[in-house]
Amino acid sequence: MKIRQAELKDSFALSALLSELGYGGTESFIEQRLAQLCSDPTEALLVAEHGSQVLGFLSLHFIPQLALAGDFARISYFCIAEGERSKGVGQQLLQHAETLAARRGCDRMEVHCHQSRLKANQFYAREGYAESPCYLIKALRAD
């Protein structure tokens, strides 16, 4: 398995994986988003692949902290293909992201994962992530 930065050629595979997470309908804008994320130095969009098959991806953001010396990294999307889960791909991809974040001067990683995603939350707990309650959101536009 190889872990690399995402490329525009990955748009179809990433769109399919996002559908597995419940985010269907990304086909019309996935290439634009992919280009935007790939060109932003505060972002890392990592892809795990075997041969030419994309097994999963992780979207990572590097965020400066005003009150602390170190930055932090936030995982916004992380998906391993249905047939590839529980084979170590996610663990390797997460470890790669953590190493990258540490090299970038981050002193912590965070991920927001809905409580309904039981297996994902169990995975994060096994990997040493602890709950940090109180995550507030506000929609800025009505859909």
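Which residues does the label zone of Arg33 cover in segment 72-109, counting backbone N under 19 Å from a point 7 Å along Cα→Cβ? Backbone N within reach: 74-82.
Only four residue types carry charge here, +1 at the Cβ of Lys and Arg and -1 at the Cβ of Asp and Glu. Report the dipole size of the chain about the Cα centre in Debye, rounded to the nearest 20. Could you put the intermediate results ahead of the total?
Working: 15 positive and 17 negative charges, 46 e Å.
Value, rounded to 20: 220 debye.
When Met109, Met1 are compared by accessible area of protein heavy atoms, the largest-first order is Met1, Met109, using a 1.4 Å probe.
Of all the accessible heavy-atom surface of segment 83-143, with the other protein chains kept in place and a 1.4 Å probe, what percent is carbon and sulfur?
Numbers: 2530 of 5010 Å².
Carbon and sulfur atoms account for 50 percent of the accessible area of segment 83-143.
Taking all protein chains together and rolling a 1.4 Å probe, Leu18 ends up with roughly 20 Å² accessible. Using the Cβ-Cβ distance between Lys87 and Ser19 with R0 set to 22 Å, the FRET efficiency from 1/(1 + (r/R0)^6) comes to roughly 0.60. Per residue, the chain exposes an accessible area of 66 Å² to a 1.4 Å probe, with every protein chain left in place.
Taking 0.36 nm per residue of sequence separation and subtracting the Cα-Cα distance, how much length would be gained by fully extending the chain between Leu136 and Gln5, in nm to one decimal? Mind showing how you got there, number by number?
On the way: separation 131, 0.36 × 131 = 47.16 nm, distance 3.05 nm.
Here the answer is 44.1 nm.
Provide the net charge surrounding Phe123, with neighbours chosen by a C-beta distance below 11 Å and charges set as Lys +1, Arg +1, Asp -1, Glu -1. In short, +3. Between Arg117 and Arg104, full extension at 0.36 nm per residue minus the direct alpha carbon distance yields a gain of 1.8 nm.
Which whole number of Å³ per residue matches the convex hull of the alpha-carbon atoms in segment 3-143?
Numbers: hull volume 19.5 nm³, N = 141.
Per residue, the Cα convex hull of segment 3-143 comes to 138 Å³.
The values are calculated or read from the model by the stated rules, or taken from the named source; none is laboratory data. Since the structure is predicted, the reported quantities are computational estimates derived from the model, not experimental observations. Using ideal geometry, Cβ is built from the backbone for each residue, glycine included, and neighbour counts are taken over all protein chains shown. The protein model used for the area step is the full one, side chains on, heavy atoms only, and it has no ligands, DNA or RNA in it. Shrake-Rupley method; radii C 1.70, N 1.55, O 1.52, S 1.80 Å.
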